[in-house]
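Attaching a single structure in structure tokens format; questions to follow.
Only the coordinates and a few stated rules stand behind these numbers; no lab work does. On a predicted model such as this, the values are computed, not experimentally measured, just so you know. In this analysis, Cβ positions are derived from the backbone assuming ideal geometry, glycine residues included, and neighbour counts consider all displayed protein chains.
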Amino acid sequence: MGTLNRSGVVTNFVMGTLFSTALFVWGAADALAYCVYNDTEQYISEVAGEFCMRCLNTSMSPHGKACCPGDNSGCRGETQITVRIPNTVYQSGAHYKHFGAKVTAHGWVRIQGSMYAPSGVVYNDNGALLWSGPLIDGK
């Protein structure tokens, strides 16, 4: 068994640290795909990505966060996010609204405003704003 001199120990430490950091960064990127943030004071009964069975489909508490797992095939690429909005007290049921741009695989969207006038923003995976405005009727 050989011995390591001081420079060998430092080199092994630096290489190990770089490898661990790279593994953490790439592992973290693969762990989650897009995320949705509910910046409203309202409970949202349904937030869904596209129309696939393996996409995000969940409810959200006020100020909640939900992310689509990166290992689901429906969570990669570009995805249209829809939100189920309760109707006013004069109507029964609910209706759907969507964002004006698709979210990228590692991007995020923020639901804002009120359920009577919902709005939102869409960011890409680099944090650049893709779209901002009132949510659009329909899926």
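So between K139 and D125, what do we pick up on full extension, going 0.36 nm a residue minus the alpha carbon distance?
Details: separation 14, 0.36 × 14 = 5.04 nm, distance 2.32 nm.
Going from the current span to full extension adds 2.7 nm.
Can you spot the aspartates and glutamates whose alpha carbon is less than 17 Å from K97's alpha carbon? Ignore those fewer than 8 places along the same chain.
The qualifying aspartates and glutamates are D39, E46, E50, D137.
Calculate the spin-label point distance for A117 paired with E46, positioning each point 7 Å from the Cα along the beta-carbon direction, and give it in nanometres.
Here the modelled spin labels are 2.6 nm apart.
Expected output is a single nm value to one decimal: the length gained when fully extending between S59 and N72, i.e. 0.36 nm times separation in residues minus the C-alpha distance. What is it?
2.9 nm
Under a Cβ-Cβ cut-off of 13 Å, what is the net charge of the residues other than M115 that fall near it, where Lys and Arg count +1 and Asp and Glu count -1?
-1
Sticking with this one: Could you work out the local net charge near A48, counting Lys and Arg as +1, Asp and Glu as -1, over the other residues with Cβ closer than 12 Å to its Cβ?
That works out to +2.
Now a separate question. Quick one: length gained pulling S132 to H95 fully straight, 0.36 nm per residue minus the C-alpha distance?
Working it through step by step, the gained length comes to 11.3 nm.
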